[in-house]
1. Taking the stretch 44-69 on its own, how many of its residues are surrounded by fewer than 17 Cβ atoms within 10 Å (Cβ to Cβ) and over 22 Å from Glu257 (Cα atoms)?
2. In the stretch 286-321, how many are surrounded by fewer than 24 Cβ atoms within 10 Å (Cβ to Cβ) and aromatic (Phe, Trp, Tyr)?
3. For the stretch 392-402, indicate whether the set of residues that are surrounded by fewer than 16 Cβ atoms within 10 Å (Cβ to Cβ), more than 15 Å from the ligand (Cβ to nearest atom) and under 26 Å from Phe271 (Cα atoms) is non-empty.
4. Tally up the residues in the stretch 85-120 that are farther than 22 Å from Asp25 by Cβ and within 20 Å of the chain's Cα centre (by Cα), please.
5. Give the stretch 117-133 a look and list any residue that's open to solvent by less than 40 Å² (accessible area, probe 1.4 Å), more than 14 Å from Met168 (Cα to Cα) and touching a Leu at 6+ places or on another chain (Cβ under 8 Å), or say none.
6. Looking at the stretch 510-531, which of its residues are surrounded by 15 or more Cβ atoms within 10 Å (Cβ to Cβ) and at pLDDT below 95?
7. Which pairs have Cβ atoms under 9 Å, sit 6 or more apart or on different chains, and link a residue in the stretch 518-543 that is farther than 16 Å from Ile475 by Cβ and in a helix (DSSP H, G or I) to one that is modelled with pLDDT of 90 or more and open to solvent by 50 Å² or more (accessible area, probe 1.4 Å)?
Amino acid sequence: MVYEKGEDVEIQIPERMNIAEILIDENVRKGRGEKVAVRCCGDASLGIDKSEITYHELMLKTNSAGNSFRKVGLGVDDRILMIALDTPEFLYAFFGAIKIGAVPVPVNTMLSSDEYLYYLNDSRAKAVVIHANLTEKISPILDRAKFLKHVIVIETEKFSASKDQLSMQSLMDDSSEELEPLKLSKDAMAFWLYSSGTTGLPKGVVHLQHDMLYSADTYYRHVLNVSERDVCYSVSKLFFAYGLGNSTYGAFRFGAESVLDPGVPDPEKSFRIIEDYRVSILFTVPAFYNRMLGVENAEEKFDTSSLRVCVNAGEALPAVTYQKWKERFGVDILDGIGTTELTHIFISNRPGRIKPGSSGVPVPGYELRLVDEDGKDVPVGKPGKLLVKGDSIAAFYWEKHEKTKKTFLGEWFDTGDMYIRDEDGFWTHVGRADDLIRTRGLWVSPVEVESALLKHPAVELCAVVQGYDENRVGIVKAFVVLAQGFSPSKELEDDLKNFLREAGLKGYKIPESFEFVSELPMTATGKIQRYKLRLLERERAFGSK
Ligand code: 3UK
């Protein structure tokens, strides 16, 4: 049976705690009050200034935010939806909410009105904290948000709150900077994140007070060894579980500095940030490492000598990307797998112990197991579905009991990922057990793309699966059986793409590659066997194994 336990580590979790106090106020108590906690590089197009916040200021501002929330009637267990860019105000709202026992729920800032309506009603959020430039996304749906009482707007120089909205900054200016963080059970709710599946609606992942502490004291302490001297910069945004750890608790737990960029990611800008802020740990995803590698002569144009290590997650890092990066910048990329439910990374390569193409070895504090479809342990040498155990696992999916029962298996969590453990002890990702597609760090459900595609008169049958580009980075791939009277052509392919765009599909969901075929693999009952096409694509990209 394939089972492995990461090194034992002692993690002290107090019975009663407030995680915001541990991550922020404790730095002040330890004498780091004047040390910079956060630098924001600003964004001219949004009217967001550059700024610099010390740990002492961060403590006071999160206190003001907590007091502001109390003032408008928010308290323990109240959800606050956050549609916020990566600015210091995100941190004030997130940790301010936690300080009073309220529950921040950060979500993607690039969604549609309908998606926000779903999040507001599913979470029963009483308030939403939103950047002023994004409020038009929620204005049309506010009358249908059944539980929402307050719209709290983060203003910028270019965008202000309207009369019927509260200004986050004004609320904070009028609130005391003193607040005694509310200590709750280590098992009280602290924050939620949303996670999506192949079918069905996004699931609220309910995280507890001790989860961020556990992730900080396992991955960030023992794998990255973060210290006061580090400057952390995550291209992945704060609303992703990955970015949240990289830019907040992974840095704050150790008194490090975190660099925030509120703007749209851009590879040249990232190099400039690394140089200007003397970044020591860079965090991003494979597609972005490849975009950075696409910047010609970057190793000469920019000073990247401050980097001591880089981190990859979200999708498997192709071995060639690792090698090219190492050759050009002389620094390792540590690939590691994390999930929203586990809070952060639980299998990772380690400094000095890297196998390119693999996810590495279990992070101290986590246990791994591989099982077959029936949940039975698989023998050594066979691929299996990955189960994980560790104390940062979320409590459950909010009001999704059936899904909770299927994935939270006692102390174990079913990741839905297929893995192989090799003789050297390295764990390699070999795809998903479900049909979800990963591209640019985002999830695409095949069902959504297929049902839109099927409306096109040329499409008789189709299957949309995980494909790979020439760098072995994940893309959306469509197999299409054409209806009678249609034949494959570049024009038809463009027409299909336009058709999907006009149907309202987001850019990243539109297949980058089409393959026209005469038939699709089917079960006896007429179900399309996506997994066969998925395996075919994998084999084409990685060779058989
Ligand atoms: C896939 C990977 C291969 C895998 C995340 C770091 O990505 C994160 O969380 P999500 O909930 O997605 C989880 C799923 O993504 N995956 C993530 N990392 C890797 N596959 N190699 C990798 N290195 O399918 C997993 O189940 O969005 C990443 C930290 C926190 C996170 N939440």
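The values are calculated or read from the model by the stated rules, or taken from the named source; none is laboratory data. Not measured: the values here are computed from a predicted model. Cβ placement follows ideal geometry from the backbone for every residue including glycine, while neighbour counts extend to all protein chains displayed. To get the accessible areas, we keep the full protein, side chains included, count just its heavy atoms, and leave off ligands, DNA and RNA. Shrake-Rupley method; radii C 1.70, N 1.55, O 1.52, S 1.80 Å.
1. At the first step, the residues of the stretch 44-69 found to be surrounded by fewer than 17 Cβ atoms within 10 Å (Cβ to Cβ) are 44-45, 47, 49-52.
After this cut, where a residue has to be over 22 Å from Glu257 (Cα atoms) as well, the list is 44-45, 47.
Final tally of qualifying residues: 3.
2. Qualifying residue count for the region: 2.
3. no
4. Here is the first cut: in the stretch 85-120, the ones farther than 22 Å from Asp25 by Cβ are 85-86, 105, 107-120.
When the remaining residues are screened for being within 20 Å of the chain's Cα centre (by Cα), the result is 85-86, 105, 107-112, 115-116, 118-120.
Of the residues in that region, 14 qualify.
5. From the stretch 117-133, those open to solvent by less than 40 Å² (accessible area, probe 1.4 Å) are 117, 119-123, 125, 127-133; that's our starting set.
Retained after the next criterion (residues that are more than 14 Å from Met168 (Cα to Cα)): 117, 119-123, 125.
Matches in the stretch 117-133: Tyr119, Leu120, Asp122, Ser123, Ala125.
6. Selection gives Leu520, Pro521, Ile528, Arg530, Tyr531.
7. none
Yes or no, residue by residue, for (1) assigned by TED's automatic domain parsing to the domain that holds Gly338; (2) of a type outside the set (Gly, Ala, Ser); (3) at pLDDT 95 or above:
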{"site": "Leu282", "(1), (2), (3)": "yes, yes, yes"}
{"site": "Ala287", "(1), (2), (3)": "yes, no, no"}
{"site": "Leu293", "(1), (2), (3)": "yes, yes, no"}
{"site": "Ser306", "(1), (2), (3)": "yes, no, yes"}
{"site": "Cys310", "(1), (2), (3)": "yes, yes, yes"}
{"site": "Pro318", "(1), (2), (3)": "yes, yes, no"}
